[in-house]
Structures are given as structure tokens and as C-alpha cells.
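Written below as C-alpha cells is the structure these notes are about.
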Amino acid sequence: DAGVTQSPTHLIKTRGQQVTLRCSPKSGHDTVSWYQQALGQGPQFIFQYYEEEERQRGNFPDRFSGHQFPNYSSELNVNALLLGDSALYLCASRPQGFGSPLHFGNGTRLTVT
Amino acid sequence: GQQVMQIPQYQHVQEGEDFTTYCNSSTTLSNIQWYKQRPGGHPVFLIQLVKSGEVKKQKRLTFQFGEAKKNSSLHITATQTTDVGTYFCAGQGGADGLTFGKGTHLIIQP
């Protein structure tokens, strides 16, 4: 039973570029969330997708957008990259239901130069 | 918005000593979850507390949820080298995503 898988594992981009990160949820999970984790900090909630719609959003600018596909997989897109976007981006999935624990992937390490 | 504070930021202990991390929310929580992240790894779910005053134990780990549902603690008895990592509390206030604290980094000296 595969857990949450994310790709790529590492990525280096230049300021102003755009990036797409991908996530496949754990089998049986239909809700996907994205978190940004800066070095030495806790994960910060970006947004959550369920039934192919963004359901909740954290305090992130519109440069951050996402998508969920019919097979529950998800993408995170970041436009006009800034140096401050350098972080570990974590995808987490869970079954639908308030308060269900999150299952995290290994993350994508994004470096913006 | 909701804020979750966690202290201490770092904790150095000798192997065999006890360890406690504390979590406080600016708002009343529906539930609180605890996660552990090993160096270079991803957060792994440990436990969820829902009821006011709830106490749960997992072997050497004891989790508490405050009566007002605004604070929580994690206590580890007789730490082992396998306990090394960062412990995060994460609060659920409403329909929003989980709000994580900054974590407590546990460093164990053998």
C-alpha cells in the first residue's frame, strides 16, 4: 500500500520562474493539502482540495495555485518565484472527515536562486 | 488568525532523562494533533486529542489536552536516542487546515 508520493524530490529554479509540484495521495484518501515548511519552522497550510475544488486556503498569495484531478492526485503551482519561496513543500492526504490525521509525503525541496 | 505557540524551541537532554514540550493556542481548538519529524524526514502522525482534559498514553509518551482546549503537552519518560527529532503540535480550530506550531527540537546526548 503506497503512501503519499511526491515529485520531484528536489528542484532548483530562478527568481521569476514558475514551478509545478505533484502529489499522489495514499490509497483510499480523497482530500489533499499542501504545506510549506521553511528551514527550522513548522509546516504552514497553503490550501486543501477535495472533490477537485479548493476548499480551504491559508495566508498565501494568489501566486500559489493548485489543482486536484479525478484520481485525487494534486498539483501545486507557484508563479513568479521569489527567493523566499525556497522551502520544503509537503503534500498531505487524508480521508474525508473532520479531524482525520494527515499522512505526509517526503516533500519537494525547492530552491530559488 | 489562529496561532499556535510551542515551547521550548530546543531541548537538550541526557539519554534517560524526561522531556516535555508545551503547546498553546490563541483560540479554542476542536482537536489537537501531534506529529514527529525526524531529521531529513516528513511529519508523522502520533496522536489526536479531542476531549477537554483528555490524557492519552503511548508507551513512554503521555499527551494531555487542557480543560479549556487551548493548550496541550507531550511528555516523554526516559528518553532514548530513537526519540530524536522535532515534535509538532497542530491545532484544528474550525474548518481551516491544521495550524502547526514551530516545533520543539529534541536533542539527546548519549
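The values are calculated or read from the model by the stated rules, or taken from the named source; none is laboratory data. Owing to the predicted nature of the structure, the values given are computational and were not obtained by experimental measurement. Every residue, glycine among them, receives a Cβ derived from its backbone with ideal geometry; neighbour counts consider all protein chains shown. Areas reflect the complete protein model, heavy atoms only, side chains present, ligands, DNA and RNA absent. Shrake-Rupley method; radii C 1.70, N 1.55, O 1.52, S 1.80 Å.
With A:R22, A:R55 as the choices, which residue is in contact with a strand residue (DSSP E or B) (Cβ under 6 Å, 6 or more places away or on another chain), open to solvent by 50 Å² or more (accessible area, probe 1.4 Å), farther than 25 Å from B:G85 by Cβ and within 14 Å of chain B (Cβ to nearest Cβ)? Talk me through it step by step, then tell me what you get.
Working: A:R22 fails: within 14 Å of chain B (Cβ to nearest Cβ).
Going through A:R22, A:R55 in turn, the sole match is A:R55.
Mind checking which residues of the stretch B:78-95 are at the interface with another protein chain (Cβ under 7 Å from one of its Cβ atoms) and over 16 Å from B:V50 (Cα atoms)?
Keep residues of the stretch B:78-95 that are at the interface with another protein chain (Cβ under 7 Å from one of its Cβ atoms), which gives B:88, B:92, B:95.
Correct list: B:F88 only.
Kindly indicate which of B:K102, B:K59, B:K70 is more than 8 Å from every other protein chain (Cβ to nearest Cβ) and surrounded by 15 or more Cβ atoms within 10 Å (Cβ to Cβ). Reasoning before the result, please.
On the way: B:K102 fails: more than 8 Å from every other protein chain (Cβ to nearest Cβ); B:K59 fails: surrounded by 15 or more Cβ atoms within 10 Å (Cβ to Cβ).
On inspection, the qualifying residue turns out to be B:K70.
What single numbered condition from (1) assigned to a loop (DSSP other than H, G, I, E, B); (2) among the hydroxyl-bearing types (S, T, Y); (3) surrounded by 14 or more Cβ atoms within 10 Å (Cβ to Cβ) fails to hold for A:Y35?
Result: A:Y35 passes all but (1).
Looking only at the stretch B:4-56, which residues are within 11 Å of chain A (Cβ to nearest Cβ), outside any strand (DSSP E or B) and not aliphatic (A, V, I, L, M)?
B:Q9, B:S30, B:G40, B:G41, B:H42, B:P43
Pairs only if they're at least six apart or on different chains, beta carbon under 7 angstrom, first in the stretch B:58-84 and at positive phi and of a type outside the set (G, A, S), second assigned to a loop (DSSP other than H, G, I, E, B) and open to solvent by 50 Å² or more (accessible area, probe 1.4 Å); list them, first residue then second.
Partner pairs satisfying both residue conditions: B:K69/B:T28; B:K69/B:S52.
Does any residue in the stretch A:1-27 that is at negative phi come within less than 8 Å, Cβ to Cβ, of a residue that is exposed (fewer than 15 other Cβ atoms within 10 Å of the Cβ) and among the hydrophobic types (A, V, I, L, M, F, W, C) six or more places away or on a different chain, and which pairs are these?
Listed by first residue and then by second, the contacts come to A:R15/A:L82; A:R15/A:L83; A:Q18/A:A80; A:S24/A:A2; A:K26/A:A2; A:S27/A:A2.
Inside the stretch A:95-113, can you point out the residues that are open to solvent by 30 Å² or more (accessible area, probe 1.4 Å) and over 15 Å from B:Q37 (Cβ atoms)?
Those that are open to solvent by 30 Å² or more (accessible area, probe 1.4 Å) and over 15 Å from B:Q37 (Cβ atoms): A:P95, A:Q96, A:F98, A:T111, A:T113.
Within the stretch A:62-113, how many residues turn out to be more than 10 Å from chain B (Cβ to nearest Cβ), at pLDDT 95 or above and in a loop (DSSP other than H, G, I, E, B)?
13
From A:Y49, A:Y72, which residue is aromatic (F, W, Y), surrounded by 15 or more Cβ atoms within 10 Å (Cβ to Cβ) and on the phi > 0 side of the Ramachandran plot? Explain how you work it out, then say what you get.
Working: A:Y49 fails: on the phi > 0 side of the Ramachandran plot.
Checking each option against the conditions leaves just A:Y72.
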